[in-house]
Amino acid sequence: MFGLIDWWRRRSARGRGFDPAWRAILEAHVPFYPALTGPVRERFETALKVFLLTKHWIAAGGMVIDDEVKVVISAAAARLVMNRPRDHYQRLTEIVVYPSHYVHPGGDGIIFGEAQSWGTVVLSYDATTHGMKNPGDGHDTALHEFAHVLDAADGKFDGTPVLDHLTSYAPWTRVMSAEFLRLRKKVARRGVLRRYGATNEAEFFAVASEAFFEKPRQLRDRHPDLYAVLRDYYA
């Protein structure tokens, strides 16, 4: 029953027009949007619209959620899947937004975002907008967390999302494993991939996704095999 309801909600969302006010928000706050034209922009706007209209938005920590917040966060989610042929984010049901960083009760670590296994993404809006405003630093909190959601589409945070073809898994595993081990062995110096990606395979995929969208030329030049498998997945 849930699958049928989800399908109907997505179908209904696709049939709705794209609010012109959303384009003004995108022009003001999403640096990659103006470069999208023609069918590419249409695919992006459709993905954004479906995401925005089918998720539950929950304010936390005094946050006020308005159209700007929804559009900016939805833009990060749509950017990842705009070129993918199937529906995505079905397991994701709600977006919790804090105005800034937060901590778990009893915890001592500052958190900027997290993707949870039961269908929730939690984001700091400050961190989200900071990532948008710095499109070339390879660090985008919202993009990172939504990559985790794609990774967990099969129920596991393991660095391997659902791929389109069975034949894609072997090269994906070979390249991702080699690049992950390479990052773990790397001495502490600045590179295309953030060191946080050496934490585990799931974080590696999310960090590599950030680099693919924010540092595509550097990733292609210095990690051509990694760039190629991510291009096959995202583009």
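The values are calculated or read from the model by the stated rules, or taken from the named source; none is laboratory data. Remember, predicted model here, so these are calculated numbers, not experimental data. As a convention, Cβ positions derive from the backbone with ideal geometry for all residues, glycine included, and neighbour counts pool all protein chains shown. Remember, those area values only see protein heavy atoms, side chains included, never the ligands or the DNA or RNA. Shrake-Rupley method; radii C 1.70, N 1.55, O 1.52, S 1.80 Å.
Scan the range 193-230 residue by residue and report those that are part of a helix (DSSP H, G or I) and basic (Lys, Arg).
Once the filter is applied, which keeps residues that are part of a helix (DSSP H, G or I) and basic (Lys, Arg), the range 193-230 yields ARG195, ARG217, ARG220, ARG222.
Somewhere in the range 138-147, is a residue within 19 Å of LEU80 (Cα to Cα), out of contact with any Gly (no Cβ under 8 Å at 6 or more places or on another chain) and open to solvent by 50 Å² or more (accessible area, probe 1.4 Å)?
no
Would it be correct to say that LEU181 is open to solvent by 60 Å² or more (accessible area, probe 1.4 Å), of a type in the set (A, V, I, L, M, F, W, C) and assigned to a helix (DSSP H, G or I)?
Working: open to solvent by 60 Å² or more (accessible area, probe 1.4 Å): yes; of a type in the set (A, V, I, L, M, F, W, C): yes; assigned to a helix (DSSP H, G or I): yes.
Against the criterion (open to solvent by 60 Å² or more (accessible area, probe 1.4 Å), of a type in the set (A, V, I, L, M, F, W, C) and assigned to a helix (DSSP H, G or I)), LEU181 qualifies.
Within the range 86-101, is even one residue hydroxyl-bearing (Ser, Thr, Tyr), in a strand (DSSP E or B) and at pLDDT 95 or above?
Of the residues in the range 86-101, the ones hydroxyl-bearing (Ser, Thr, Tyr) are 89, 93, 98, 100.
Next, only the ones that are in a strand (DSSP E or B) stay: 98.
Going one step further and asking which of them are at pLDDT 95 or above, we end up with 98.
Yes; the residues of the range 86-101 include at least one that is hydroxyl-bearing (Ser, Thr, Tyr), in a strand (DSSP E or B) and at pLDDT 95 or above.
Pull up the range 208-235, narrow it to residues that are of a type in the set (Gly, Ala, Ser) and at pLDDT 95 or above, then point me to the one that is surrounded by the fewest Cβ atoms within 10 Å (Cβ to Cβ).
Checking each candidate, the answer is ALA228.
Is there a residue in the range 9-21 that is within 17 Å of the chain's Cα centre (by Cα) and open to solvent by less than 40 Å² (accessible area, probe 1.4 Å)? Give the derivation first.
Taking the range 9-21 as the starting set, the residues that turn out to be within 17 Å of the chain's Cα centre (by Cα) are none.
Within the range 9-21 (the criterion being within 17 Å of the chain's Cα centre (by Cα) and open to solvent by less than 40 Å² (accessible area, probe 1.4 Å)), the answer is no, since none of the residues qualifies.
Considering only residues that are β-branched (Val, Ile, Thr) and open to solvent by 20 Å² or more (accessible area, probe 1.4 Å), look in the range 97-117 and name the one that is nearest to GLU45 (Cα to Cα).
If we take residues in the range 97-117 being β-branched (Val, Ile, Thr) and open to solvent by 20 Å² or more (accessible area, probe 1.4 Å), then ILE111 is nearest to GLU45 (Cα to Cα).
So how many residues does the range 150-173 have that are part of a helix (DSSP H, G or I) and either open to solvent by 20 Å² or more (accessible area, probe 1.4 Å) or without any contact (Cβ under 8 Å) to a residue 24 or more places away in the chain (or both)?
Taking the range 150-173 first, the residues part of a helix (DSSP H, G or I) are 150-154, 166-173.
When the remaining residues are screened for being either open to solvent by 20 Å² or more (accessible area, probe 1.4 Å) or without any contact (Cβ under 8 Å) to a residue 24 or more places away in the chain (or both), the result is 153-154, 166-171, 173.
Looking only at that region, the number is 9.
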